[in-house]
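Notes follow the structure.
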Amino acid sequence: MTALELFDKKQKAQRITTSSKNLDNLLGGGIETQAMTEFIGEYGTGKSQICMQLCITAQQPPEQGGLGGKILFIDTEGTFSPQRINEISKLRGLDPKKILENIIYARCYNSDHQLLIVDRAYKVVEEEKIKLIIVDSLISHFRGEYVGREMLSERQQKLNQHVHKLLRLAELYNCAVIITNQIQSNPQAFFGDPNRPAGGNIVAHASTHRLYIRKGKANTRVIHVIDSPYLPEAEARFAITQMGIEDVEEK
Ligand SMILES: Nc1ncnc2c1ncn2[C@@H]1O[C@H](COP(=O)(O)OP(=O)(O)OP(=O)(O)O)[C@@H](O)[C@H]1O
Ligand SMILES: [Mg+2]
């Protein structure tokens with residue numbers, strides 16, 4: 001294609017609201033299509049909560065910050081909660097049944113299964129008009145199955161295929177891809193932060209935007225852009241409440 005064609009294609013990128021204005025601003029207007037956004041954080045920082053919130057907002061019409069599309073949720077840890085979707089939808093005055101019906105859920109049991117699901121996803125995304133694909137979490141099966149240094153290169157090769165297939169889906173169907181990632185501690189690191197996102201360079205390079213979440217006071221969270229081609233390295237705060245993801249109330 002010419003650069004002009006590429007320009008036109010990129011112009012078609014759309015955004016999904018996270019339902020927190022501060023977080024949307026940090027992201028330049030919300031979660032972007034034709035891109036892969038990675039949420040990194042320790043357990044309980046709200047990665048899955050953000051994913052579930054986005055399952056709801058992505059379905060809303062564009063005037064309400066959504067894309068009016070369906071969601072493909074690839075759950076590798078079994079933590080997706082339809083009850084939570086039901087709760088947030090109700091509290092936001094939406095019909096939970098409709099919301100739940102528009103989420104295509106795939107429970108994934110091992111890394112090969114995960115790769116297979118993404119192969120099959122091409123058909124599903126096209127037929128069901130999926131606008132958001134979520135993989136929560138990207139790496140848990142890979143980490144559990146490929147243990148030790150001698151398996152590292154094989155793991156990274158598989159992971160590489162996986163993330164590139166996801167990116168291809170995002171570009172081909174103008175949909176947003178979200179992955180969640182865990183923190184890996186490196187006890188050998190004497191200098192600097194010993195905690196790093198899992199998945200190494202493969203995941204780091206494939207993700208368009210990388211966001212690091214840490215816990216703040218009470219139910220607040222601080223989220224930081226750690227890598228992005230054009231977002232500034234800034235921070236925002238949001239809260240996790242019964243209603244899902246919200247802005248922090250300033251006193
Ligand atoms: N109904 C609710 N109302 C308010 N806060 C909630 C509710 N449900 C969950 N939370 C908050 O979300 C947190 C869990 O977040 P979440 O499961 O998204 O973490 P995570 O980053 O996905 O962790 P993990 O790495 O273990 O998957 C809880 O500790 C709680 O603070
Ligand atoms: Mg989770």
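Any read-out appearing in this document is the output of simple, stated calculations on the displayed coordinates, not a laboratory observation. Source: prediction; values computed, not measured. Every residue, glycine among them, receives a Cβ derived from its backbone with ideal geometry; neighbour counts consider all protein chains shown.
Are any of the pairs Lys10/Lys217; Lys131/Lys217; Lys90/Lys215; Lys165/Lys215; Lys10/Lys97 more than 29 Å apart by Cα-Cα distance, and if so, which?
Where the Cα-Cα span goes over 29 Å, the pairs concerned are Lys10/Lys217; Lys131/Lys217; Lys165/Lys215; Lys10/Lys97.
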Quiz item: How long, wide and thick is region 94-162, going by the Cα atoms along their three principal axes, in whole angstroms, largest first?
Solution: 50, 22, 15
Practice problem: Pop out the ³J(HN,Hα) list for region 62-72 in order, Karplus 6.51 cos²θ - 1.76 cosθ + 1.60 with θ = phi - 60°, rounded to Hz; leave Gly and Pro as x. | Solution: x, 5, 10, x, x, 10, x, x, 8, 10, 10
Quiz item: Going by how many other beta carbons lie within 10 Å of each one, how would you line up Phe142, Phe7, fewest first?
Solution: Phe7, Phe142
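Let me check against my output: what whole-number percent is the relative contact order of the chain, with C-alpha pairs under 8 Å and at least 6 apart?
Numbers: 480 pairs, mean separation 67.5, N = 251.
Computed over the chain, the figure is 27 percent.
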Quiz prompt | Length released on extending from Leu100 to Asn174, taking residue separation times 0.36 nm less the Cα-Cα span | solution = 24.4 nm
Practice problem: Work out from phi, with θ = phi - 60° and the Karplus expression 6.51 cos²θ - 1.76 cosθ + 1.60, the ³J(HN,Hα) of each residue of region 224-233, listed in order in whole Hz, and give x for Gly and Pro. | Solution: 10, 7, 9, 7, 6, x, 9, 7, x, 6
Quiz item: If you plug each phi of region 193-202 into the Karplus form 6.51 cos²θ - 1.76 cosθ + 1.60 with θ = phi - 60°, what whole-Hz ³J(HN,Hα) values come out, in order, with x for Gly and Pro?
Solution: 6, x, 9, 10, x, 6, x, x, 5, 4
Quiz item: Of the peptides 201-210, 229-238, 174-183, how do they stack up when ordered by the mean number of other Cβ atoms within 10 Å, highest first?
Solution: 174-183, 201-210, 229-238
Quiz prompt | Cα gyration tensor shape of region 148-251, rounded if a/c is under 1.5, else prolate or oblate by comparing a/b with b/c | solution = oblate
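Per residue, what volume in Å³ does the Cα convex hull of the chain take up?
144
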Self-check item: Taking Val147, Val135 and counting other C-beta atoms within 10 Å, the order from fewest to most
Solution: Val147, Val135
